[in-house]
Each structure stands twice: as structure tokens, then as C-alpha cells.
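Q: This is the structure I have questions about; it appears just below.
Throughout, read-outs are computed from the coordinates displayed, never taken from laboratory work. None of these values were measured; they are calculated from a predicted model. Reconstructed Cβ throughout: ideal geometry from the backbone, glycine too, with neighbour counts over all protein chains shown.
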Amino acid sequence: MNDAHSSYQEYTANPAVLIKFIEDRDQEIVARDQEILRLQQIIFKLAKGQYGTQSERRQIEDLNEQLRLLLEQPPTVVAAPAVAPTVIEVPAHTRAARTKRDFSKLPHTIIELTPESTTCKCCGKELVKIGTEDVSKELEYVPAKLLVNQYVRPRYACGSCKNEVVQASLPDEVKPLSRSIAGAGLLSQILVSKYVDHLPLHRQEQMFARLGFEIPRKSMCEWIGRVVEEYLLRLHAELKKEALKEQYLLGDETTIKVQDGEVEGKCHQGYLWGMVSPKKEVVVFEYSPSRAGSVAAEVFKGFTGVLQTDLYAGYNTVMLPDKVERLACLAHVRRKFIEVENISPREAGMTLQIIGELYGLERKWQSLEPPQRLEMRRKKSVPVLAKLHAHLQGLAEKTLPKAPLMAAVQYALVQWHEIERIFESGEYHLDNNMIEREMRPIAVGRKNFLFAGSHEGAKRAAVIYSLFATARLHKVNPLEWLKDVLKTMRGHPVNDIAALLPHRWKNNRALKA
């Protein structure tokens with residue numbers, strides 16, 4: 001009590017001490033508010049990652065939430081109207097036509113069904129066909145099967161001189177891997193099942209066992225390694241060479257766990273660095289144990305042009321070769337404001353609305369050629385971009401320095417020049433979502449086979465993912481493509497190996513047809 005009384009006397013006797021006390025208290029309150037906001041953001045991210053939707057599409061109205069609120073409201077008793085009820089006419093509507101299924105690409109087995117008797121019950125004469133036939137289609141599935149191709153090569157010799165022995169040699173398309181029983185179709189099925197359908201080798205081992213023959217996963221792993229080393233590595237090198245010749249690339253990286261880690265019992269976290277050419281629709285992945293900027297310099301070595309990435313410092317133009325300009329990713333900017341929308345709904349919501357205007361305009365211009373799209377961007381997008389810049393500068397002036405909203409604002413403003421550069425050409429995308437989409441199969445694969453067995457295995461995965469992603473963009477059946485490559489590559493001209501890349505293979509096949 002005496003201490004409190006003495007403190008009160010000290011404050012009243014010396015106002016400067018009281019002012020200092022209030023200022024210190026205000027700073028403490030501000031610091032606590034910032035810490036509360038930071039913790040709220042962490043809780044939101046954790047809750048969204050565990051329970052929330054992963055889609056970034058913003059819902060204007062949530063129908064389920066509206067129904068829940070409606071059901072929770074107490075029922076309201078309304079008196080019956082004194083007048084007769086109004087008859088409401090509901091306009092007629094037409095049901096959408098059913099989509100016609102195309103069965104033309106499937107093999108057909110015609111089974112003609114005839115009556116038990118084709119004799120007339122009245123006069124006993126033979127019945128004749130009349131009118132048209134009724135056709136009923138049944139879509140059936142024939143399970144896969146394993147079979148053995150046994151190539152018999154008898155020896156021939158002259159019966160008189162007995163000096164020469166003649167024997168046919170195996171065709172180039174037979175047994176792509178020397179001293180291995182696996183055929184091109186089996187090898188292709190194993191690779192496509194693992195890297196396209198995301199089936200780990202132990203599951204494939206069980207599937208082959210059900211077909212009547214056990215193929216150990218160790219053998220399948222060795223086959224995959226040999227296919228990459230003897231066939232796909234050269235194609236991957238040609239694919240990367242073609243991508244680096246482009247003037248505009250999208251870049252990103254994703255993680256992959258490697259069992260062969262430095263710490264016993266703990267996986268090493270490696271990285272798959274990816275690039276995609278929107279114009280050529282060519283995808284290239286490369287594995288590295290590190291995410292250092294020196295890796296980016298090596299991955300994009302020889303590239304001169306425009307690279308669109310997020311703000312990760314590893315993509316800094318200092319790390320990349322000369323004459324490389326960077327474009328920002330507007331989706332990453334948007335994502336930062338989505339993360340703080342629950343903390344600062346008004347400010348973040350307004351920002352997201354303006355960014356949404358830019359995306360809405362781009363959707364209208366999808367069918368335009370780059371020159372026309374550039375003209376529309378200058379007329380309509382640039383004013384919206386200026387409005388976004390003014391809005392962000394206003395937020396920067398009135399937002400606390402350590403607030404989560406300020407981090408999102410600074411993320412956009414610090415790379416504003418790279419954002420403006422997006423609208424200087426009609427060929428540039430607003431974001432690098434195209435490369436992120438090509439990384440989704442990698443993420444699905446991670447959930448199924450969890451990790452690569454070694455760094456070499458991760459490198460092989462990068463090669464396979466590159467070729468299959470390129471095939472997917474060009475709507476090439478990866479099974480047919482890989483099977484044909486394994487059959488024909490040994491007899492293909494070495495100086496024209498690029499003709500076997502998925503997109504070129506498709507065009508060459510169309511010309512031959």
C-alpha cells in the first residue's frame with residue numbers, strides 16, 4: 001500500500017515519469033497485439049492445412065453454411081393470409097442433352113443373337129430378316145495378362161561343305177534390356193503404373209502375382225534404372241536443350257524425400273527443380289539434394305530470356321546467367337492475402353477483390369492472340385493494376401510494421417516492378433501455376449511411395465516425370481509412347497534422337513498415318 005502511494009506521489013510530482021510509463025505501456029500493448037496477430041495466423045494456417053479446403057478459389061456464398069444457419073433459426077409462425085394465394089408460374093426448362101460417348105477407338109466384338117427357331121409357326125416356311133437390327137452395347141473389361149513370347153532361332157548349315165552356320169538375329173524391338181526377360185510392354189507398364197498412376201512397386205508386385213507370375217520389386221527397380229540410363233537420359237537431355245532455347249519459362253521447385261540421408265533413420269529432403277515452356281509445352285525436372293541458389297544457376301545454365309518464379313532468393317538474377325529477367329507470380333501474391341484474410345478481412349478482402357478483377361479480365365481474353373491480349377491489357381488491366389498499387393501503398397502507411405498484413409503487403413510491393421512487367425507482353429502468364437500443375441503428380445506420388453530410395457533414384461524420377469509431363473501436355477498416351485521408344489530407339493539415328501520426344505513423336509506419327 002505504501003509502495004503504491006509512493007508511486008502515485010512520484011507520478012504526480014514528476015509528470016515526465018508518468019508520460020514515460022504510459023509510453024512504455026503503449027509499446028507493450030502494441031507488441032502484444034502483434035504477437036496475438038502472429039499466433040492467430042499460425043493457428044489459421046494449421047487449422048486450414050488439417051481441416052480446411054486446399055483450393056484457393058474464393059467462394060462468394062457457402063450454401064451449406066447458409067443452410068446450417070437457416071436450420072438453427074427458431075421457426076417463425078406466420079398467420080395465414082386473408083386473401084387467396086398468388087399463383088406463381090414457373091417457366092419451362094429443357095433438360096441438357098446427354099453427352100454422346102465415343103466408342104470408335106475401342107475394339108468391337110460383334111455377337112449376333114438369333115432366335116431359337118427361324119421357322120414360321122403357321123406355314124412352316126423359313127423366316128427372313130426384315131427392317132433394321134436392334135443393337136445393344138455393353139462396355140466390358142478384360143483383365144490384363146502376362147504372356148511369354150518365345151523366339152525360336154534354328155541354326156542352318158550346308159550339308160555338303162559344313163563350313164557356314166546361319167542363324168537369324170533377334171529384332172531390335174525384342175528384349176530392350178540385355179540379359180533381362182522384360183519386354184517393352186512390361187517395362188512401359190511398370191514405369192507408367194508408378195510415375196503416372198502412382199502405384200508403388202510393392203503393389204505392382206502383388207498385382208503381377210494375381211496374374212500368375214511373381215516379379216520381385218527389386219527386379220522392377222533395377223529395370224527402371226536401366227531404362228532411364230540406357231534410353232531416357234538422352235531424351236531428357238534433348239528435352240532440356242529444347243526448353244532452354246525458349247525466351248519465356250516458368251520455374252518452381254518442390255520437395256522429395258530421399259531415404260539415403262546423412263542422418264541414420266531420417267530421410268534427406270531433396271528438391272525437384274522444374275521449368276516449363278508455355279509456348280512449346282515442354283516440361284523439365286532436375287533433382288538436387290539442395291535448394292541453394294547455385295543449384296538454380298546450374299539448372300538454368302545457358303538460358304537467356306524471361307523467367308517467372310516466386311520471390312525465393314535462389315532465383316535471383318544474380319544467381320542466374322546474364323540477360324535473364326524475372327517475372328513475379330501474382331498467384332503467390334494473392335496467396336499471401338488469403339492467409340491473412342481471417343485476421344484483416346476488410347483490407348485483405350479488398351486486395352483480393354482487385355486481384356480478382358485482373359484474373360477476371362484474363363479469362364475473357366483466353367482465346368486472343370498475344371498481340372490482341374497485350375492491347376487489351378494496356379487498356380483495361382493496367383488501370384486496375386494502378387488501383388492495386390495505390391491500395392497497397394495505402395495499407396503500407398497505416399498497417400503496423402510487424403502485423404501479418406504488412407508482410408503480405410511488403411511481399412507485393414518489394415517486387416512491384418516484376419509484377420508490372422507481366423503486363424508488358426501478351427505472352428506472359430499472370431502466375432506460374434502452369435508449372436505448379438505439372439508438379440501435382442509428384443505430390444500425389446509422394447503420398448503413395450513416400451520417398452526415393454537414393455539420390456540416384458530421385459534423379460531417375462526427375463527424368464521420368466519430365467517426359468511423362470510433356471506427354472500429358474500434348475495428350476500423348478505415355479504407355480504407347482514409351483513402348484514405341486523402347487522398341488525403336490536402338491535402331492533410330494543417333495543424330496535425330498529428338499524426334500522421339502513425346503511431342504515430336506506425336507507429330508511424326510500423325511504424318512505417317
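Q: Between the range 259-285 and the range 427-476, how far is it from one alpha carbon centroid to the other, in angstrom?
A: The distance from the Cα centre of the range 259-285 to that of the range 427-476 comes to 8 Å.
Q: State the percent of C-alpha pairs, over all pairs in the range 378-450, separated by a distance greater than 21 angstrom. Present the calculation step by step, with values, prior to reporting the outcome.
A: Values: 1283 of 2628 pairs.
Cα-Cα pairs in the range 378-450 separated by more than 21 Å: 49 percent.
Q: So what is the relative contact order of the range 108-232, in percent, for Cα pairs below 8 Å that sit 6 or more residues apart?
A: Details: 68 pairs, mean separation 17.2, N = 125.
The value is 14 percent.
Q: Just the ratio, please: alpha-carbon radius of gyration of the range 175-318 over 2.2 N^0.38 Å, N its number of residues.
A: Working: Rg = 18.4 Å, N = 144, 2.2 N^0.38 = 14.5 Å.
After normalising by residue count via 2.2 N^0.38 Å, the value is 1.26.
Q: Would you kindly calculate the mean projected area, averaged across all directions, of the convex hull enclosing the Cα atoms of the range 416-459, in square nanometres? Mind showing how you got there, number by number?
A: On the way: hull surface 19.4 nm².
Seen from a random direction, the Cα hull of the range 416-459 projects 4.9 nm² on average.
Q: What would the Debye equation give as log₁₀ I(q)/I(0) for the range 443-513 at q = 0.12, 0.20, 0.23 Å⁻¹, counting only Cα atoms as equal point scatterers?
A: -0.40, -0.91, -1.07
Q: Turning to a different aspect of this structure: Taking Cα centroids, how far is the range 154-170 from the range 351-396 in Å?
A: If you average the Cα positions of each part, the centres end up 77 Å apart.
Q: For the range 339-431, how many pairs of lysine residues have a Cα-Cα distance under 29 Å, where the two are 8 or more positions apart or belong to different chains?
A: Working: Lys364/Lys379; Lys364/Lys380; Lys364/Lys387; Lys379/Lys387; Lys380/Lys398; Lys387/Lys398; Lys387/Lys402.
Lysine pairs satisfying the spacing and distance rule in the range 339-431 number 7.
Q: If you count, for each residue, the other Cβ atoms within 10 Å and average over each peptide, how do 223-234, 170-181 line up from highest to lowest?
A: Values: 223-234: 18.5, 170-181: 13.2.
Packing proxy ranking, top to bottom: 223-234, 170-181.
Q: Using a cut-off of 15 Å between beta-carbons, work out the net charge of the residues near Leu501 (Lys and Arg +1, Asp and Glu -1, Leu501 not included).
A: Numbers: positive: Arg234, Lys240, Lys241, Lys245, Lys280, Arg472, Lys475, Arg504, Lys506, Arg509; negative: Glu238, Glu242, Glu246, Glu281, Glu480, Asp484, Asp496.
Taking every Cβ under 15 Å from that of Leu501, the sum is +3.
Q: Report the local net charge at Lys402: Lys and Arg +1, Asp and Glu -1, summed over other residues whose C-beta lies under 11 Å from its C-beta.
A: Values: positive: Arg38; negative: Asp33, Glu35.
Local net charge: -1.
Q: In what sequence, highest mean first, do 485-497, 271-283 appear when ranked by Cβ atoms within 10 angstrom?
A: Highest-to-lowest ranking by the protection proxy: 271-283, 485-497.
Q: Holding the Cα-Cα limit at 22 Å, pick out from Lys301/Lys506; Lys301/Lys487; Lys194/Lys459 the pairs that are longer than that.
A: Details: Lys301/Lys506 29 Å; Lys301/Lys487 33 Å; Lys194/Lys459 15 Å.
Pairs exceeding 22 Å: Lys301/Lys506; Lys301/Lys487.
Q: Sticking with this one: Can you give the net charge of the other residues whose Cβ lies under 11 Å from the Cβ of Gln189, counting K and R as +1 and D and E as -1?
A: On the way: positive: Lys194, Lys483; negative: Asp197.
Summing Lys/Arg as +1 and Asp/Glu as -1 gives +1.
Q: Using the basic label-point model (7 angstrom from Cα toward the beta carbon), what is the Ser178 to Glu35 distance in nanometres?
A: 7.0 nm
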